[in-house]
Structures are given as C-alpha cells and as structure tokens.
Amino acid sequence: MWLDEFPKSRIPTLPRYRGAQQTEVVVIGGGLTGCTIAYAFAAAGAKVILLEAEQIGRGNTARAGGWLSEEPGVPFPVLEKTIGTRAAKRAWQSWRRASLDFAALLRRLDIKCYLEPRPALTVASNPEQAARLAREQKARRAAGLDAPLLNARTVKAEVGLDGSGALRVKDSAVLDPYRACLGMAAAAADRGATLFEGSPVKKITFTRKIVDVFTDHGSLRARRVIVATGMPTPLFKALVRHFWFRTTYFALTEPVPAKIRRQFGGLTSVVRDWAEPPHIMRWLADRLLVSGADMETPPLRLRDKVVVQRTGQLMYELSTLYPDISGLQPQYGWAADYALTANALPSIGPHRNYPHHLFAFGDASQTLTGAYLASRVLLRYHFEEMDPADEVLGFHR
C-alpha cells in the first residue's frame, strides 16, 4: 500500500555498484535500518557506501505498519524472567529513548513521511487478558517504569473497544515507512554516504585487519561491514541457529463510513491487544489497518495463498473486536517476514565468528524504533564507546 500510494515519478533510481574502491564502512541493506545506519555513520564522519540488492526501501520496510513505539513488543514480565530485571529495564529505557530520538531526528531533517504523534493503548478484552495486564503493570511499576492504567470507560471512549482496561503510552508516533526510508537515504547522501541499488553482495572475505565485499560487478575493501538485512542472508548461514523465522500479516480496510467511524472514539490511538499473537490497529485517515495472525514463515510457493487466507482471518477477527465494521472488504492484504530471538529482543552488534562485522538482525517488535536503535548501538560499537545497555541486545548463545 505504501508503494502504491507513492508517486511513481518520484521514485529515486540509484546506480549499480561497479569497480573497486576502499572505504571505511560498507552497509549491506537499503531498508529503513540500513539507511538510518548509513546516515548515522556518515554524520559521525565515516566514509560510507551502502549496497542494496534491489531498490531502496522496497523490501520489508514497505511492508511495515508504520508505528514508532516506545516499547520493544515483548511483555515486561517475560523479558524480566529471561534476562533479569536490571537488563529488562535497560532494554525498555533504550527503546523509549530511541523512539523519541528517532521522531526528533525525522522532524529535524524535515523528512516528509506523515509523522504524527499518537498515544498507544494495550487493551485487555477478557478476564485472562485482564490478569496479564495486571501482572504487566505490577512488574513495570516494581522496576520503576511508568505504567498508567486506564479503566474500561476510558478505553471505550478513546478507542471504542469493550475492554476491561488498558496500559497507555503517550509518546509513540506513526508515519509512512517508505517515505521515511527515502528521506533517511537522501539525508545519508547529503552527509557524504554513497548509495547503490541492484548490487547484491555475493561474497565477503576478511583478514585480521580488513574485510573485502564482492558484488557481481565490483569489490570493496573496508574496515567495517554492517549487515542490516533484518535476518541472516545465505552468506551468514551459521547465524540462522539464533533465530526463528516468522511472518506477520496486514489487512487494510476499504474506507469506513463516517457514521461507523464516530463509534471508534478519537481515531488517534494505536491499539494493541493481549491476544497471542497480538493485533495492532491504527487508522490511516478513513481506513483501519490491522496486523497479526503471525505464523511460522510458509514456503514461498504457498505465500500468496496464505496471504489471502490470513487477510480474511484478520478481517474476521477485526469484526469481533468492532462488530459494526462487519461486511467491510479489505482494500489491501500483505505479509512481512521477521526473525525472532530467544529473548524477543533484536540482535544488534558483533558476532565472534565474523571479525569486522556488525549485525542488525531479529527485530520482532512490529515497530520501526529498532531501526534508529540499531544505528546508535552500532555506532557506539564502531567507535568503541559502548553503553552498558548495548550488551543486552547482542548475540547470546
């Protein structure tokens, strides 16, 4: 949908990489994460070349929901049990800081991506979910984190759901992820980064001091290579064991009649429920976007069939939450793949088997915050100025 609604005449075209060069940093992957990393390193004074296998921003970035969340997408008690209270709190605080800083950066760079502040509500709609909500609030408060609880009447007024309660986050935002990616790519180029499309990396070799990157038509020698492809490519098969590969699905309704929209409250909040997997819902003008129905990534030959089935499933599940929209048809349905780690946090940083490499893999949060977080964490690794919170996001056995 993001691609369809972007003017074709304004789609940038970048050259393929050819020849042989030396540079300080090679970034592999031209989605929002790769372009944000390229900007961060170029702004810090590094000589950066970015290689995108296909076209800038037209992979998983264009399949994202466009939510910039303060939370990492995993319940705090689950994270606390996995990595401990102190580490979980650090991860939570890093995520919130990244969300706020990314929104501020997009505004400062004047990137036209329809960035709008939106509160977010995590809603409990049955007794079992209400019990989980209570545990979530208790765990967050015990860790010293903000956890404002809304009652059922407020939930109904704000988002039109018959929920028993909700946790509110005030400072999240929404945007068009494709436009944000193009904007970050342009900002990186303005800072001196060089970007190439249609340049898939075929081989990487390294010695004790340097790394060589090879494409179909050229080679690069660098001090550092940053792999921002979201999940391991065939060049990094040894890292597959760190992840489970999942797919989430999206359905965008046709325009909702104004009479029905008035029953949905203020139409400004992002809504996430406590279903497993959760639904995430937000308004795009007069259309409602819902995601969820996550599953193990299906074989490629079944992908289109599964998208049709899951789109129908999401529309049905949406109608159980909002019965008044029953009968509306989906305008779009699509899928987005992601990699999930054991602790549900992304793996951002080095891996002992790959000298001179830094990775940004495994963001399963269903938000865009991880793109900016990866840029800051990897910049600190590169300049050896690590923060204690960065260790939480590394590769773990």
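The values are calculated or read from the model by the stated rules, or taken from the named source; none is laboratory data. Remember, it's a predicted structure, so these values are computed and weren't measured experimentally. Because the Cβ atoms are built from the backbone with ideal geometry, glycine has one as well, and the counts that use them run over all protein chains shown. Keep in mind that these areas ignore ligands, DNA and RNA; they rest on the heavy atoms of the full protein, side chains included. Shrake-Rupley method; radii C 1.70, N 1.55, O 1.52, S 1.80 Å.
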Original post:
Considering Arg108, Arg153, which residue is open to solvent by 30 Å² or more (accessible area, probe 1.4 Å) and modelled with pLDDT of 95 or more?
Top reply: Arg108
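Within region 119-137, how many residues are open to solvent by 20 Å² or more (accessible area, probe 1.4 Å) and out of contact with any Leu (no Cβ under 9 Å at 6 or more places or on another chain)?
We begin by selecting, within region 119-137, every residue open to solvent by 20 Å² or more (accessible area, probe 1.4 Å); these are 119, 125-128, 130-132, 134-135, 137.
Then drop every residue that is not out of contact with any Leu (no Cβ under 9 Å at 6 or more places or on another chain), which leaves 119, 126-128, 130-132, 135.
Residues meeting the conditions: 8.
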Original post:
Can you tell me which residues in region 210-229 are touching a Pro at 6+ places or on another chain (Cβ under 9 Å) and open to solvent by 10 Å² or more (accessible area, probe 1.4 Å)?
Top reply: Thr215, Asp216
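Look through region 234-254, keep the residues that are in contact (Cβ under 8 Å) with a residue 40 or more places away in the chain and open to solvent by 20 Å² or more (accessible area, probe 1.4 Å), and return whichever of them is nearest to Trp2 (Cα to Cα). If you could, list the steps in order and put the result at the bottom.
The first filter runs over region 234-254 and keeps only residues in contact (Cβ under 8 Å) with a residue 40 or more places away in the chain, leaving 236, 238-239, 242-254.
Those still in the list that are open to solvent by 20 Å² or more (accessible area, probe 1.4 Å) too: 238, 242, 244-246, 254.
Values: Ala238: 34, His242: 31, Trp244: 27, Phe245: 24, Arg246: 22, Glu254: 15 Å.
Only one residue tops the list, namely Glu254.
Hey, can you tell me all the residues within region 240-254 that are aliphatic (A, V, I, L, M) and in contact with a strand residue (DSSP E or B) (Cβ under 7 Å, 6 or more places away or on another chain)?
Kept after step one, since they are aliphatic (A, V, I, L, M), are these residues of region 240-254: 240, 251-252.
Listed by number, the residues that qualify are Ala251, Leu252.
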**OP:** Please specify each residue of region 257-312 satisfying the condition of being hydroxyl-bearing (Ser, Thr, Tyr) and open to solvent by 20 Å² or more (accessible area, probe 1.4 Å).
**Re:** Thr268, Thr297
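Name the one entry in Phe359, Phe395 that is within 30 Å of Arg86 (Cβ to Cβ) and open to solvent by 20 Å² or more (accessible area, probe 1.4 Å). Walk me through how you get there before you give the answer.
Values: Phe359 fails: open to solvent by 20 Å² or more (accessible area, probe 1.4 Å).
Matching residue, one of Phe359, Phe395: Phe395.
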Subject >> The one condition in (1) in contact (Cβ under 8 Å) with a residue 12 or more places away in the chain; (2) within 28 Å of Glu5 (Cα to Cα); (3) part of a helix (DSSP H, G or I) that Leu379 fails to fulfil >> reply: (2)
**OP:** For region 74-104, name all the residues that are without any contact (Cβ under 8 Å) to a residue 40 or more places away in the chain and more than 25 Å from Thr36 (Cβ to Cβ).
**Re:** Lys81, Gly84, Arg86
**OP:** Go through the residues of region 14-35 one by one and say whether even a single one is open to solvent by 70 Å² or more (accessible area, probe 1.4 Å), modelled with pLDDT of 95 or more and in contact with a Pro (Cβ under 9 Å, 6 or more places away or on another chain).
**Re:** no
Original post:
Val174 versus (1) over 26 Å from Tyr372 (Cβ atoms); (2) of a type in the set (Val, Ile, Thr); (3) open to solvent by less than 10 Å² (accessible area, probe 1.4 Å): which is the lone unmet condition?
Top reply: (1)
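Residue under question is Glu158, and the condition is that it be acidic (Asp, Glu), crowded, with 18+ Cβ neighbours inside 10 Å and closer than 29 Å to Gly349 by Cβ; does it hold? So that I can check it myself, show each step before the final result.
Details: acidic (Asp, Glu): yes; crowded, with 18+ Cβ neighbours inside 10 Å: yes; closer than 29 Å to Gly349 by Cβ: no.
It is false that Glu158 is acidic (Asp, Glu), crowded, with 18+ Cβ neighbours inside 10 Å and closer than 29 Å to Gly349 by Cβ.
Give the residues of region 163-213 that are assigned to a loop (DSSP other than H, G, I, E, B), in contact with a Ser or Thr (Cβ under 8 Å, 6 or more places away or on another chain) and farther than 30 Å from Trp283 by Cα, sorted by residue number. Show your work before the answer.
Here is the first cut: in region 163-213, the residues assigned to a loop (DSSP other than H, G, I, E, B) are 163-164, 170-172, 175-176, 191-193, 197-200, 207-210.
In the following step, the residues that additionally are in contact with a Ser or Thr (Cβ under 8 Å, 6 or more places away or on another chain) were identified as 163-164, 171-172, 197, 199-200.
Within region 163-213, Glu197, Ser199, Pro200 meet the criteria.
Identify all residues within region 36-77 that are polar (S, T, N, Q) and either crowded, with 24+ Cβ neighbours inside 10 Å or in contact with a helix residue (DSSP H, G or I) (Cβ under 7 Å, 6 or more places away or on another chain) (or both); write none if there are none.
Applying the first criterion (polar (S, T, N, Q)) to region 36-77 yields 36, 55, 60-61, 69.
Matches in region 36-77: Thr36, Thr61, Ser69.
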Original post:
So, of the residues in region 329-356 that are over 30 Å from Arg310 (Cα atoms) and out of contact with any His (no Cβ under 8 Å at 6 or more places or on another chain), which turns out to be surrounded by the fewest Cβ atoms within 10 Å (Cβ to Cβ)?
Top reply: Arg352
Original post:
Is there any pair linking a residue in region 159-179 that is within 13 Å of Ala103 (Cα to Cα) to one that is among the charged types (D, E, K, R) and at pLDDT 90 or above, with Cβ under 7 Å and at least six apart or on different chains, and which?
Top reply: Asp171/Glu70; Ser172/Glu70; Ser172/Arg118; Ala173/Glu116; Ala173/Arg118; Val174/Glu116; Val174/Arg118; Val174/Arg282
